[in-house]
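The values are calculated or read from the model by the stated rules, or taken from the named source; none is laboratory data. Keep in mind the model is a prediction, meaning the values are calculated, not measured. Note that we place each Cβ from the backbone using ideal geometry, even for glycine, and neighbour counts take in every protein chain shown.
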Ligand code: UTP
């Protein structure tokens, strides 16, 4: 069965962006010319998922409004002859069928994924953490995972090789064997290990294709690191029951979950934009002269 649904857990508190995130969804912060969340949704759609499920919480209403029609604005733009902008607004609201499910308390990423059970319980589904923005126009990252799922079955996790001094920031996998270049069978995983305790330098990144068998595991899952129900803990149990594959994705990742990561992503993407590149270079030149 094709992977048609993609779940976006967006109910986290975004404490690393406070005070901005006191009332504003971090997923709505701009990444050059559109909100961070838009990049993930575009990736899921171009990977073949046509049903988007967002797990939201308080202070996230702007995400719902962004993907909704805004009649007043549309009419105003139309009546003033701003056709291009009018069409841009229509394109956004027609982008995807989105279902919003509320996570009433931010009990952790694992719990947020569990909130998708009513709509995903009978099928494999994608999960995208919007903080991780991936760029690969030819082969969107989620599509790389779906391809492996279609070939091998089972759950698939995006992996990135990280420098040994950075393993303590991520969930790190232990691999059993490699089936082909960059595709590993995963036997275990550990959240944020010390450098000397890490079983590899392969870190889990924010894209998954998950088996519905994750739901009963998540229901039993006790709170782990940070007092939150962790998806990694549930995946560890899943790996004992069903195949879990890891794929070293091809493409570029921008970590927009921290202020420095978000700022650096904006600068890097602006440098890649022919219209903005000179603006950035000019500012840097003036400031450093
Ligand atoms: P993070 O812990 O990285 O992000 O969660 P956060 O909680 O939003 O931000 P900080 O750490 O306080 O700065 C990873 C993903 O899981 C979602 C977040 O929205 C993010 O996409 N999440 C986390 C939930 O949906 N619900 C939760 O209870 C926790």
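For the stretch 73-182, which strands (runs of 3 or more DSSP E) that fit wholly inside it have 2 or more residues that are within 16 Å of the ligand (Cβ to nearest atom) and over 18 Å from residue 254 (Cα atoms)?
Values: elements: 97-102, 125-128, 132-135, 155-161, 171-180.
Of the strands (runs of 3 or more DSSP E) lying wholly inside the stretch 73-182, those with at least 2 residues that are within 16 Å of the ligand (Cβ to nearest atom) and over 18 Å from residue 254 (Cα atoms) span 97-102, 125-128.
Candidates are the residues of the stretch 1-50 that are within 16 Å of residue 260 (Cβ to Cβ), in contact with a helix residue (DSSP H, G or I) (Cβ under 7 Å, 6 or more places away or on another chain) and part of a loop (DSSP other than H, G, I, E, B); the one that is nearest to the ligand (Cβ to nearest atom) is 14.
Somewhere in the stretch 61-68, is a residue within 11 Å of the ligand (Cβ to nearest atom), at pLDDT 95 or above and assigned to a strand (DSSP E or B)?
Within the stretch 61-68, the subset within 11 Å of the ligand (Cβ to nearest atom) is 63.
Cutting the leftovers down to at pLDDT 95 or above gives us 63.
Going one step further and asking which of them are assigned to a strand (DSSP E or B), we end up with none.
No, the stretch 61-68 has no match at all.
The single condition among (1) touching a strand residue (DSSP E or B) at 6+ places or on another chain (Cβ under 6 Å); (2) surrounded by 15 or more Cβ atoms within 10 Å (Cβ to Cβ); (3) at pLDDT below 95 that residue 187 does not meet is (3).
Would the stretch 170-181 turn up any residue that is at pLDDT below 95 and in contact with a helix residue (DSSP H, G or I) (Cβ under 6 Å, 6 or more places away or on another chain)? Scanning the stretch 170-181 turns up at least one residue that is at pLDDT below 95 and in contact with a helix residue (DSSP H, G or I) (Cβ under 6 Å, 6 or more places away or on another chain).
Does residue 142 satisfy the criteria of being surrounded by 22 or more Cβ atoms within 10 Å (Cβ to Cβ) and out of contact with any helix residue (DSSP H, G or I) (no Cβ under 9 Å at 6 or more places or on another chain)?
No.
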